[in-house]
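Novice: Before we start, here is the structure in question, set down as structure tokens.
The values are calculated or read from the model by the stated rules, or taken from the named source; none is laboratory data. Predicted, not measured: the structure shown is a model, and the values here were computed from it. Glycine also receives a Cβ, built like all others from the backbone with ideal geometry; neighbour counts cover every protein chain displayed. Side chains included, ligands, DNA and RNA excluded: accessible areas come from the protein's heavy atoms. Shrake-Rupley method; radii C 1.70, N 1.55, O 1.52, S 1.80 Å.
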Amino acid sequence: MNEVSMAIRLNVAAAVAREAGQLIRERFRCRDTALTFEFKGPQDYLTQTDGEAERLISARLTEVFPDDGFFGEETGPRINSTADCGTWIVDPIDGTADFARGVPYFCVSIAFVQQAVTEIGVLYDPMLDELFVARRGHGATLNGKPIEASQAKDLSESIVELGWSPRVAFSRYACVLEKVHSKGAGVKRRGSGALGIAYVAIGRQDAYCELHINSWDAAAAVLLVQEAGGWTNEFMTPACITEGNCVIACSQGLRRDLEAAMSENLA
Ligand code: IPD
Ligand code: CA
């Protein structure tokens, strides 16, 4: 795919993320009357707005790029078999639990992946009006301004977010927590893996780790960290698209300690 096609995709993805974000913000603000939630599984929230926003994103992207594949958290895969085409990987609301419970911490995540390489990553936080954008080899920005990961080298001076879900045994998560905490890190856990990783790209925290996260949660944000000069594991692989993967996203200087803490606890 040539430069121009990729640049067009980036601009369209950014516009679509903003449009979906506006819809989500409106639903959030009138949630007393418009929002009900249910569960897809243990602690796995679902609201009507997840589906509504995903349908909007899918319709817009399909209208402009009918040959591209699409894989959304709520609607599943429509992966195009044409070798040259890539696939959009979309989480309409990452941080659904917070959205459903009235906490303003969630985002839209859109990635474009070609032959298991993430080419574009766009994340939009509709409550703060923050648009994070990355294109492979072209850097990462927040609202148009370049961003950089932190220079942290020592866990005792670092903030590390550890994501967790019921997809992983709690004992394994607890073991990582113990190791990272014992080295003096300030450990946090918020409700959006995508935003947590984006916050590493902009240096608001020094690392985000999770033993298993889905492709739609992390694909866009991992590219942000790579393009912002941070370090990540090889998150995107052919299997990751449908099965997810472990994620480590951090400053270059924290790589060794976090790889050690995580690798001992992988399945
Ligand atoms: C979840 C959030 C959470 C992470 C989980 C994800 P959802 O996605 O990103 O922070 O720890 O792995 O499943 O349910 O809010 O879309
Ligand atoms: Ca998600």
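Per-residue answers, yes or no, for (1) among the acidic types (Asp, Glu); (2) within 14 Å of ligand 2 (Cβ to nearest atom); (3) at pLDDT 95 or above:
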{"site": "94", "(1), (2), (3)": "yes, yes, yes"}
{"site": "102", "(1), (2), (3)": "no, no, no"}
{"site": "116", "(1), (2), (3)": "no, no, no"}
{"site": "127", "(1), (2), (3)": "no, no, yes"}
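Novice: Give 63, 19, 26 a once-over and let me know the one that is of a type outside the set (Gly, Ala, Ser), under 14 Å from residue 100 (Cα atoms), part of a helix (DSSP H, G or I) and away from ligand 1 (no atom under 16 Å from the Cβ).
Specialist: Testing whether each residue is of a type outside the set (Gly, Ala, Ser), under 14 Å from residue 100 (Cα atoms), part of a helix (DSSP H, G or I) and away from ligand 1 (no atom under 16 Å from the Cβ) leaves just 26.
Results for (1) of a type in the set (A, V, I, L, M, F, W, C); (2) in the same structural domain as residue 131 (by TED's automatic domain parsing); (3) open to solvent by 10 Å² or more (accessible area, probe 1.4 Å), shown as yes or no for each residue.
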site	(1), (2), (3)
212	no, no, yes
217	no, no, yes
223	yes, no, no
231	yes, no, yes
235	yes, no, no
241	yes, no, yes
246	yes, no, yes
253	no, no, yes
256	no, no, yes
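Novice: Could you list, in sequence order, all residues of segment 166-206 that are open to solvent by less than 60 Å² (accessible area, probe 1.4 Å), within 14 Å of ligand 1 (Cβ to nearest atom), assigned to a loop (DSSP other than H, G, I, E, B) and farther than 17 Å from residue 262 by Cβ?
Specialist: Result: 191, 192.
Novice: Name the residues in segment 129-165 that are charged (D, E, K, R) and open to solvent by 20 Å² or more (accessible area, probe 1.4 Å), would you?
Specialist: 129, 130, 135, 136, 145, 148, 153, 154, 157
Novice: Check whether at least one residue in segment 131-150 is within 20 Å of residue 240 (Cβ to Cβ) and either more than 17 Å from the chain's Cα centre (by Cα) or not in a strand (DSSP E or B) (or both), and report yes or no.
Specialist: Checked segment 131-150: at least one residue is within 20 Å of residue 240 (Cβ to Cβ) and either more than 17 Å from the chain's Cα centre (by Cα) or not in a strand (DSSP E or B) (or both).
Novice: Within the set of pairs 6 or more residues apart or between chains, which connect a residue that is assigned by TED's automatic domain parsing to the domain that holds residue 130 and of a type in the set (Phe, Trp, Tyr) inside segment 95-115 to a residue that is part of a loop (DSSP other than H, G, I, E, B) and within 10 Å of ligand 2 (Cβ to nearest atom) with Cβ atoms less than 7 Å apart?
Specialist: Between residues of segment 95-115 that are assigned by TED's automatic domain parsing to the domain that holds residue 130 and of a type in the set (Phe, Trp, Tyr) and residues that are part of a loop (DSSP other than H, G, I, E, B) and within 10 Å of ligand 2 (Cβ to nearest atom), the close pairs are 99/106; 105/95; 105/191; 105/192; 106/95; 106/192.
Novice: Considering each of 63, 74, 26 in turn, give the residue that is surrounded by 14 or more Cβ atoms within 10 Å (Cβ to Cβ) and modelled with pLDDT of 75 or more. Steps first, please.
Specialist: Numbers: 63 fails: surrounded by 14 or more Cβ atoms within 10 Å (Cβ to Cβ); 26 fails: surrounded by 14 or more Cβ atoms within 10 Å (Cβ to Cβ).
Going through 63, 74, 26 in turn, just one is surrounded by 14 or more Cβ atoms within 10 Å (Cβ to Cβ) and modelled with pLDDT of 75 or more: 74.
Novice: So for segment 101-108 (the condition being part of a strand (DSSP E or B) and under 24 Å from residue 188 (Cα atoms)), does at least one residue qualify?
Specialist: Scanning segment 101-108 turns up at least one residue that is part of a strand (DSSP E or B) and under 24 Å from residue 188 (Cα atoms).
Novice: What is the number of the single condition among (1) away from ligand 2 (no atom under 16 Å from the Cβ); (2) at pLDDT below 95; (3) of a type outside the set (A, V, I, L, M, F, W, C) that residue 136 does not meet?
Specialist: Of the numbered conditions (1) away from ligand 2 (no atom under 16 Å from the Cβ); (2) at pLDDT below 95; (3) of a type outside the set (A, V, I, L, M, F, W, C), the odd one out for residue 136 is (2).
Novice: Now for a separate question. Being away from ligand 1 (no atom under 16 Å from the Cβ) and either over 14 Å from residue 221 (Cβ atoms) or out of contact with any Ser or Thr (no Cβ under 8 Å at 6 or more places or on another chain) (or both) is the filter here; which residues of segment 92-130 pass it?
Specialist: If the condition is that a residue be away from ligand 1 (no atom under 16 Å from the Cβ) and either over 14 Å from residue 221 (Cβ atoms) or out of contact with any Ser or Thr (no Cβ under 8 Å at 6 or more places or on another chain) (or both), then 114, 115, 116, 117, 118, 119, 120, 128, 129, 130 are the ones that fit.
Novice: So which pairs qualify, if the first residue must be in segment 190-219 and free of Cβ contacts under 8 Å to residues at least 24 places away in the same chain, the second must be open to solvent by 10 Å² or more (accessible area, probe 1.4 Å) and near ligand 2 (Cβ under 10 Å from one of its atoms), the Cβ gap must be under 9 Å, and the two must be at least 6 apart or on different chains?
Specialist: Within 9 Å, no pair qualifies.
Novice: Within the set of pairs 6 or more residues apart or between chains, which connect a residue that is over 12 Å from residue 204 (Cβ atoms) inside segment 148-175 to a residue that is within 16 Å of ligand 2 (Cβ to nearest atom) and open to solvent by 70 Å² or more (accessible area, probe 1.4 Å) with Cβ atoms less than 6 Å apart?
Specialist: 162/189; 166/42; 166/43; 173/164
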